[in-house]
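Peer 1: The structure follows.
Readers should treat all values here as calculations from the given coordinates under stated rules, not as data from a laboratory. Computed from a prediction, not measured in an experiment: that's the story for all the values here. Counting neighbours? That spans all protein chains shown, and the Cβs are built from the backbone with ideal geometry, glycine included.
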There are 6 protein chains.
Amino acid sequence: MPFVNIRITKENGEPTTKQKEELIAGVTELLARVLNKNKASTVVIIDEIDTDNYGLGGKSITKVRKENS
Amino acid sequence: MPFVNIRITKENGEPTTKQKEELIAGVTELLARVLNKNKASTVVIIDEIDTDNYGLGGKSITKVRKENS
Amino acid sequence: MPFVNIRITKENGEPTTKQKEELIAGVTELLARVLNKNKASTVVIIDEIDTDNYGLGGKSITKVRKENS
Amino acid sequence: MPFVNIRITKENGEPTTKQKEELIAGVTELLARVLNKNKASTVVIIDEIDTDNYGLGGKSITKVRKENS
Amino acid sequence: MPFVNIRITKENGEPTTKQKEELIAGVTELLARVLNKNKASTVVIIDEIDTDNYGLGGKSITKVRKENS
Amino acid sequence: MPFVNIRITKENGEPTTKQKEELIAGVTELLARVLNKNKASTVVIIDEIDTDNYGLGGKSITKVRKENS
């Protein structure tokens, strides 16, 4: 019955619905394999974060992307 | 001064504004009754999650709903 | 299948095991009643926070308690 | 490499992009100064919460604002 | 630069240090593979929760384990 | 009434009680200055994470520290 929260930026149309299905399936599988946890009650929540709202190294990802482009 | 985070799927027009008021009032009441906590500084945050982003048993709720319909 | 996270200070031997059972049962009941959510997959996690690590109004609860005593 | 999550209401066009940059820079600076933490891997996520979904004292902020206006 | 929070019960000496290394490596790998995310800035935090503090279906896991044993 | 969660590793006797007071005061001040938020209801929770449970770049901080020492 683990709980997993994945928080990623929303950029260029990603994550797609297919990618989100892969993340949910993949992380549930991982927990079952490593810890022998019950898949049926494993909860995964994906939060898609605007690049203005995600900071790394003291700057928003919006700013980081601009500086690197 | 407890903090409560409720994370639920957003489906078929729910949760409505009225339901969210009931959740906020209800959980604040519960904490005051069980733990004698100060209601004035109790914080409740409700996150409404897209069914594509909420996984249970290794599948998104979108997929679970389709298979059960 | 909602997910609820309750974060409260750990003070004077509280919350007790009994109080935690009441919180888990109560919040699960509330979500079932208000939103008609499935109780079986409702997950509740209670985090007990040291009063040094919980701040309100710019001070730790440890400090707030001292000033009010 | 600290992680910080800031959760604030979204009201009257705030927080603006500029305010979010200030929060990200400010909190990263604070952690570097107080704890000597590496700025490069400090992650900050800002969640903007609808006033219907943020409760204080058993009522949504939407309701609190109406009663105080 | 994704952020992942894994919350699991602490039971019978698990998760071990080795299992935690596997979870951190595995989930970082998964995000890199599915979303092409930078591994270097991927943050994973594992919270180990006492079975008294983890509720499923309205009961603590402590209680669930007793009833099933 | 913002809510802030700071998650940092617990290493070499840090964060100290004094550092935690500084973080709580500093972040509350920052939110009041940038967003004009009410200090009285600002909640800050600091979680201290074991270095075995904090991953960066696919490895636990325990492992990262060993490799860099």
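Peer 1: Starting from the amide H of E:Ile45, placed 1.01 Å from N in the peptide plane, find each other amide H under 5 Å away whose residue is 5 or more places distant or on another chain.
Peer 2: Placed amide hydrogens put E:Val4, E:Asn5, E:Ile6, F:Gly55 under 5 Å from E:Ile45.
Peer 1: Under 10 Å, Cα contacts only: if you run a Gaussian network model on chain B, which one of B:Leu23, B:Leu31, B:Leu56 comes out with the highest mean-square fluctuation?
Peer 2: Judging by the Gaussian network model, the answer is B:Leu56.
Peer 1: How large is log10 of I(q)/I(0) for segment F:3-68 at q = 0.23, 0.25, 0.28, 0.29 Å⁻¹ when the intensity is taken from the Debye formula with one equal scatterer per alpha-carbon?
Peer 2: -0.93, -1.01, -1.14, -1.19
Peer 1: Restricting the calculation to Cα positions, tell me the Rg (one decimal) and the Dmax (whole number) of the protein assembly as shown in Å.
Peer 2: In Å, with Rg to one decimal and Dmax whole: 20.2, 59.
Peer 1: Next question, about the same structure. With point charges of +1 on the Cβ of Lys and Arg and -1 on the Cβ of Asp and Glu, referenced to the Cα centre of chain A, which listed residue (A:Gln19, A:Val4, A:Leu35) lies farthest in the positive direction of the dipole?
Peer 2: A:Leu35
Peer 1: So what J values fall out for segment F:11-18 if you push phi through Karplus, 6.51 cos²θ - 1.76 cosθ + 1.60 with θ = phi - 60°, rounded to Hz, Gly and Pro as x?
Peer 2: Ordered by residue, 3J(HN,Hα) equals 9, 6, x, 10, x, 7, 4, 5 Hz.
Peer 1: State to the nearest 20 debye the size of the charge dipole of the protein assembly as shown about its Cα centre, where the only charges are +1 on K and R beta carbons and -1 on D and E beta carbons.
Peer 2: The calculated dipole for the protein assembly as shown is roughly 0 debye.
Peer 1: In nm, one decimal, shortest first: how far is the label point of B:Gln19 (7 Å from Cα along Cα to beta carbon) from the matching points in the other copies?
Peer 2: 3.0, 3.0, 3.1, 3.5, 4.4
Peer 1: Nearest-to-axis residue of chain D, judged by Cβ, for the D-to-B rotation, with distance in whole Å?
Peer 2: D:Asp47, 5
Peer 1: Now, a different point. Which ³J(HN,Hα) values in Hz, rounded to whole numbers, follow from the phi angles of segment A:34-43 under the Karplus curve 6.51 cos²θ - 1.76 cosθ + 1.60, where θ = phi - 60° and Gly and Pro get x?
Peer 2: Karplus values, whole Hz, x for Gly and Pro: 6, 10, 6, 7, 5, 5, 4, 10, 6, 10.
Peer 1: Can you list the copy-to-copy distances for F:Asn38, using a point 7 angstrom from Cα toward Cβ, in nanometres, shortest first?
Peer 2: So the label point of F:Asn38 gives 1.3, 3.9, 3.9, 4.0, 4.2 nm to the other copies.
Peer 1: Follow-up question, since we're still on this one. When Cβ neighbours within 10 Å are restricted to other protein chains, what is their mean count per residue of peptide A:9-18?
Peer 2: 3
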